[in-house]
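Participant: Okay, here's the structure, questions in a sec.
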Amino acid sequence: MMYLAEYPFDWSVVTDRWPLFVAGAWVDLWVASIGFSLACGLGLFNALLRTSGIRVFTLPSFLYVQVTRGVPLYVLLLWVYFGVANITGITFTSFQAIVIALALTGSGYTTEIFRAGLGAIDRGQMEAARSMGLSRMNTYGHVILPQMLRIVVPPLGNTFVGLLKGATIMAVIAVPDMVFLANELNVTLFTPFEVFAAVGMLLVVMVLFFSAVVYLLERRLRIA
């Protein structure tokens, strides 16, 4: 405690560079949003395969989920950025690598979220829509998916928050986000407490904001 009282806090390291921290946070948000959007597209497609009842589709879909959820995001990022380039000659930029890693990791979770949402819809609604002459595509587009959306919004919000926090590991491949900036300042000025406290505060603010958005969206869909 005495050492804490004597520690020379230097918050000017953060306040003087606050626009840089905000810009870095924007990079995290932008990358996480793109990765999440791709994860939702992949997850919905995979969930439809998983619930198709066709074994040639359901088994690969199941294995895909287990692999993407089982491999840590950090390992997957390094594999995409370094490993794929090493054996195929296909080189991804650091931005592309983190987006791909987030999309693959997130799709493992969104697949299960969408699968659960589809399973929660009464099968009789599909039969009723088909009996009214709706095609399978129109039945999903106008009957099944709108109802599923109300169910999946909260867990999808949690997945986005997880990807937003996970996106900060992009600093290890030199993407200039807020963690990368904090690392650079720490190496130069040795102020780990201040710079990483700033990163933590920005993440908490973003998480609170998006949690509120998800809550309001959930209420709106429930009322509708």
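Participant: Inspect the range 179-188 for any residue being in a loop (DSSP other than H, G, I, E, B), in contact (Cβ under 8 Å) with a residue 24 or more places away in the chain, hydrophobic (A, V, I, L, M, F, W, C) and under 30 Å from Trp18 (Cα atoms) and give the result as yes or no. Steps first, answer last, please.
Facilitator: Just the residues of the range 179-188 that are in a loop (DSSP other than H, G, I, E, B), to begin with: none.
Checking the range 179-188: not a single residue is in a loop (DSSP other than H, G, I, E, B), in contact (Cβ under 8 Å) with a residue 24 or more places away in the chain, hydrophobic (A, V, I, L, M, F, W, C) and under 30 Å from Trp18 (Cα atoms).
Participant: For the range 154-178, how many residues meet the condition of being touching a residue at least 60 places away in the same chain (Cβ under 8 Å), in a helix (DSSP H, G or I), crowded, with 19+ Cβ neighbours inside 10 Å and among the aliphatic types (A, V, I, L, M)?
Facilitator: Qualifying residue count for the region: 8.
Participant: Tell me yes or no: at least one residue of the range 117-130 is out of contact with any strand residue (DSSP E or B) (no Cβ under 7 Å at 6 or more places or on another chain), surrounded by 14 or more Cβ atoms within 10 Å (Cβ to Cβ), in a helix (DSSP H, G or I) and modelled with pLDDT of 80 or more. Walk me through it before giving the result.
Facilitator: As a first pass, look at the range 117-130 and keep what is out of contact with any strand residue (DSSP E or B) (no Cβ under 7 Å at 6 or more places or on another chain): 117-130.
Next cut, surrounded by 14 or more Cβ atoms within 10 Å (Cβ to Cβ) only: 117-118, 121, 126, 129-130.
After this cut, where a residue has to be in a helix (DSSP H, G or I) as well, the list is 117-118, 126, 129-130.
Adding the requirement that they be modelled with pLDDT of 80 or more leaves 117-118.
Yes; the residues of the range 117-130 include at least one that is out of contact with any strand residue (DSSP E or B) (no Cβ under 7 Å at 6 or more places or on another chain), surrounded by 14 or more Cβ atoms within 10 Å (Cβ to Cβ), in a helix (DSSP H, G or I) and modelled with pLDDT of 80 or more.
Participant: Identify all residues within the range 63-80 that are crowded, with 16+ Cβ neighbours inside 10 Å and among the polar types (S, T, N, Q); write none if there are none.
Facilitator: Passing the criteria: only Thr68.
Participant: Okay, moving on. Give the range 8-58 a look and list any residue that's β-branched (Val, Ile, Thr), over 24 Å from Glu184 (Cβ atoms) and out of contact with any helix residue (DSSP H, G or I) (no Cβ under 7 Å at 6 or more places or on another chain), or say none.
Facilitator: Ile54, Val56
The values are calculated or read from the model by the stated rules, or taken from the named source; none is laboratory data. As the structure is a computational prediction, the values presented were derived from the model and not from experiment. All Cβ positions, glycine included, derive from the backbone under ideal geometry; neighbour counts span all protein chains shown.
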